[in-house]
Amino acid sequence: MDIAGYFPVWNKLTPEEQRAFLGAAKERTVKKGTVVHGGRTECTGLLLVKTGRLRAYILSAEGREITIYRLFDRDMCLFSAACMMRSVQFEVTVEAEKDTTLWVIPAEVYKGIMERSAPVANYTNELMATRFSDVMWLIEQILWKSMDKRIAAFLLEESAIEESGELRITHETIANHLGTHREVVTRLLRYFQDEGMVRLSRGTVTLLDKNRLEALQT
């Protein structure tokens, strides 16, 4: 399936806009761990995921990472085209969590279409609102949720995404998602293990009692 099947308002574009879209979009395949977009100083373009998964995160002054949202099939990243959104002042890095195929749409082409097309403008505004809601949700988690609750929620979310109770993930990776230190994650995971909620092995966290992990979130 080509890009027409992945862009939600494709059928509302004029033939001229569709041609401009098709002519500008470049398909890329990137390996897991590839940094697709490196911050506000870059204007990579809009990223539309075909298959795979991307992770958008921000870095603290000390170099600590925290995930702000993830992108799955058919999801689009706007913050990788920050040059067309002058009000965005924070830097977002986008990395492939899995081998990923995506389209890169140049910011100037997309902006030109958006300025002429009300459906594209509406879709972009809705997407922007969703992303800022993601950021606000993250801020609420950081401010009001203890780290044990956040780790429990992350493990359950990851299990749902992977459709498995056995997660091949390191303590460092969990720390990077949650914006904390690896030692904090290790200490709390060992507590979860002592309580019979998870089992730990090298590079793997196995969920044993999802009900108790869910109860821990409340």
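Read the figures in this text as sums done on the coordinates, not as results from a lab. Quantities reported herein were computed from a predicted structural model and do not represent experimental measurements. Here Cβ is always computed from backbone atoms with ideal geometry, including for glycine, and neighbour counts include all displayed protein chains.
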Could you please rank Arg55, Arg212, Arg202, placing first whichever residue has the fewest other Cβ atoms within 10 Å of its Cβ?
-> Arg202, Arg212, Arg55
Three-way shape call for the stretch 11-53 based on the alpha-carbon gyration tensor, with the a/c threshold at 1.5 = prolate
Would you mind working out the magnitude of the charge dipole of the stretch 3-143 relative to its Cα centre, with +1 at each Lys and Arg C-beta and -1 at each Asp and Glu C-beta, to the nearest 20 Debye?
-> 280 debye
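In what sequence do Lys210, Lys32 fall when counting other Cβ within 10 Å, fewest first?
Ranked by crowding around the Cβ, least crowded first: Lys32, Lys210.
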Where Cα atoms sit under 17 Å apart: lysine pairs in the chain separated by 8 or more or lying on different chains | 9
Taking Cα pairs closer than 8 Å and at least 6 residues apart, the relative contact order of the stretch 1-156 in percent is 29 percent
Gaussian network model of the chain, Cα springs within a sub-10 Å range: biggest mean-square fluctuation belongs to which of Val184, Val49, Val94?
-> Val184
Choice from Asp75, Asp194, Asp99 showing the highest fluctuation, given a GNM over the chain with Cα pairs closer than 10 Å | Asp194
Considering every pair of different Cα atoms, what Kirkwood radius, in Å, is found for the chain?
-> 18.8 Å
Over the stretch 82-218, calculate the relative contact order: mean separation of alpha carbon pairs under 8 Å at least 6 apart, over the residue count, as a percent.
-> 19 percent
Based on the Cα gyration tensor of the stretch 145-217, what are the three equivalent ellipsoid semi-axes, each the root of five times an eigenvalue, rounded to whole Å and given largest first?
-> 15, 14, 12
If we count other beta carbons within 10 Å of each Cβ, what is the order of Thr101, Thr180, fewest first?
-> Thr101, Thr180
At q = 0.10, 0.16, 0.25 Å⁻¹, what is the base-10 log of I(q)/I(0) for the stretch 84-172 according to the Debye formula with one equal point scatterer per Cα and no solvent? Please give it to two decimals.
-> -0.44, -0.98, -1.36
Hey, got a sec? Which GluC sites (Glu not before Pro) in the stretch 97-173 land in a DSSP loop and have at most 12 other Cβ atoms within 10 Å?
-> Glu163
Residues with amide H under 5 Å from that of Lys98, placed H, sequence gap 5 or more | Gly33, Arg53
Please list, in chain and number order, the residues 5+ apart from Lys50 or on another chain whose amide H is under 5 Å from its amide H, with Hs placed from the backbone.
-> Arg74, Thr101, Leu102, Trp103
